[in-house]
1. Considering just Cα atoms, how many Å³ per residue does the convex hull of the stretch 70-196 enclose?
2. Whole-Hz Karplus ³J(HN,Hα) for the stretch 111-121, in order, using 6.51 cos²θ - 1.76 cosθ + 1.60 and θ = phi - 60°, x for Gly and Pro?
3. Loop only per DSSP, at most 14 neighbouring Cβ atoms within 10 Å: give me the GluC sites (Glu not before Pro) in the stretch 100-200, ordered by residue number.
4. Tell me the Kirkwood radius of the stretch 140-200: reciprocal of the mean inverse pair distance over distinct alpha-carbon atoms, in Å.
5. Starting from the stretch 96-154, pick out the trypsin sites (Lys or Arg not before Pro) whose DSSP state is loop and whose Cβ has at most 13 other Cβ atoms within 10 Å.
6. Please list, in chain and number order, the residues 5+ apart from SER111 or on another chain whose amide H is under 5 Å from its amide H, with Hs placed from the backbone.
7. THR138's amide H: which non-local residues (gap 5+, or another chain) put their own amide H closer than 5 Å, with H modeled 1.01 Å from N in plane and none for Pro or chain starts?
Amino acid sequence: MFTKTSAATPGDRSAAPATPLSAPGGTAIPHPGGVSDDEFRAALSRLAAGVVLITAHDPEDGPRGEDVGMTATAFMSVSLEPPLVMVSVRNDSRMDDLLERQPLWAVSVLSEGQRHIAGRFAMKNRISDRLLFQDIPTEQGEATGAPLIGGALARLECRTEQRVVAGDHTLVIGRVLTAGIPGEDRGPLMYFRGKYRHLG
């Protein structure tokens, strides 16, 4: 996490300089208000991350409900005792709305050969998730009812323990109910500098 420092009183914008500051040698000093969106994205794009698919079943969508999926790179383990994991979801997104009322969800750790799945569930403004799952092998998780992706490197089923709003995202912390390694050992799908990649 970035921490900003300033000699001005917190919340006092009157102390901000009217023009950008420069250090000796002409190097630009970040504005006291913090980094720009572009600077933040560029810096964090250098952090390689694994790619997972977060899934949950929405029982209130239609007569049979609907499965929902979301590609995520902001996913991590939190605790061994008890076993906890965390995913960051954008506020007011479909997945955020669902996980606010549905405590059960699942995680499929995608392999390097599942780039198409990651790209499909990262699409914005899609009409229905039902079509996205059509040609993807899945099975229903016994503990959550959420779809688990066939061929994933690992699969977890979780129950939400805590939700923490952090800026424009919500951190969803879940207790791991089941964990398995269903298939052969392959390389992971990675996300680095705005593109899906694989190790090697």
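FYI, it's all coordinate maths here, none of it is from the lab. In this text the structure is predicted, and so the values were computed from the model without any measurement. All Cβ positions, even for glycine, are placed from backbone atoms using ideal geometry, and neighbour counts span all protein chains on display.
1. 121 Å³
2. With coefficients 6.51, -1.76 and 1.60, one gets 8, 4, x, 10, 4, 5, 5, 4, x, 5, 8 Hz.
3. Hits after loop and neighbour filter: GLU142, GLU184.
4. Values: mean 1/r = 0.0712 Å⁻¹.
By the Kirkwood definition, the hydrodynamic radius is 14.0 Å.
5. LYS124, ARG126
6. Counting only residues 5 or more places away or on other chains, the set is LEU153, LEU189.
7. For THR138, whose amide H was placed from the backbone, the distant partners under 5 Å are GLY150.
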